[in-house]
Amino acid sequence: MTPHPSRLTLLMRIEPGCLGPDGKLHIATFCAAATRLFAASAPQGLCWQLIPRHDKRLPELSFLLQDQTLTDPQAERYLQRLGLALAPLREQADERLAELVDRYLKTLGSRSP
């Protein structure tokens with residue numbers, strides 16, 4: 001994964017368990033599809049990257065600018081320059097993620113014999 005050079009990358013790590021007991025089998029495909037959907041609605045200046053969260057020691061959400069990881073306060077200042085705020089972005093991302101998980105689980109259920 002390479003951060004976008006001129007945009008703030010919001011790296012969201014997704015727990016395989018959110019996709020059910022077989023989540024490990026589906027998480028990579030889900031993250032790839034969700035990243036495309038998040039990118040389609042991302043505000044200018046932001047780039048979303050969703051990846052599986054296999055290491056629970058890593059935060060659910062990280063911020064990258066070029067090759068540097070930003071702290072929450074640094075990301076907040078960057079977002080303020082774009083006319084955005086971190087709290088509403090996180091809330092919208094969580095809601096969107098929940099919708100995508102529900103939709104994905106429904107597609108998995110429709111494939112069952």
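Think of each Lys and Arg Cβ as +1 and each Asp and Glu Cβ as -1; about the Cα centre, that makes the dipole of segment 5-59 roughly 140 debye.
Which shape class, rounded, prolate or oblate, goes with the chain when its Cα gyration tensor gives a ≥ b ≥ c as root eigenvalues, a/c under 1.5 marks rounded, and past that a/b bigger than b/c marks prolate? It comes out prolate by the Cα gyration axes.
For segment 33-46, putting each phi into the Karplus relation 6.51 cos²θ - 1.76 cosθ + 1.60 with θ = phi - 60° gives couplings of 5, 5, 4, 5, 5, 5, 4, 5, 10, 6, x, 4, x, 10 Hz, in residue order, rounded to whole numbers and with x for Gly and Pro. Taking the DSSP beta bridges with both ends in the chain, the antiparallel portion is around 55 percent. The fraction of accessible area contributed by carbon and sulfur in the chain is 53 percent, rounded to a whole number (1.4 Å probe; ligands and nucleic acids excluded). Among the GluC sites (Glu not before Pro) in segment 22-113, which ones are in a DSSP loop with at most 16 other Cβ atoms within 10 Å of the Cβ? Mind listing them? Passing both the DSSP loop test and the Cβ count: E60.
The values are calculated or read from the model by the stated rules, or taken from the named source; none is laboratory data. Source: prediction; values computed, not measured. Please note: Cβ atoms are built from the backbone with ideal geometry, for glycine as well, and neighbour counts cover all protein chains shown. Quick note on the areas: whole protein, heavy atoms, side chains included, nothing else; ligands and nucleic acids left out. Shrake-Rupley method; radii C 1.70, N 1.55, O 1.52, S 1.80 Å.
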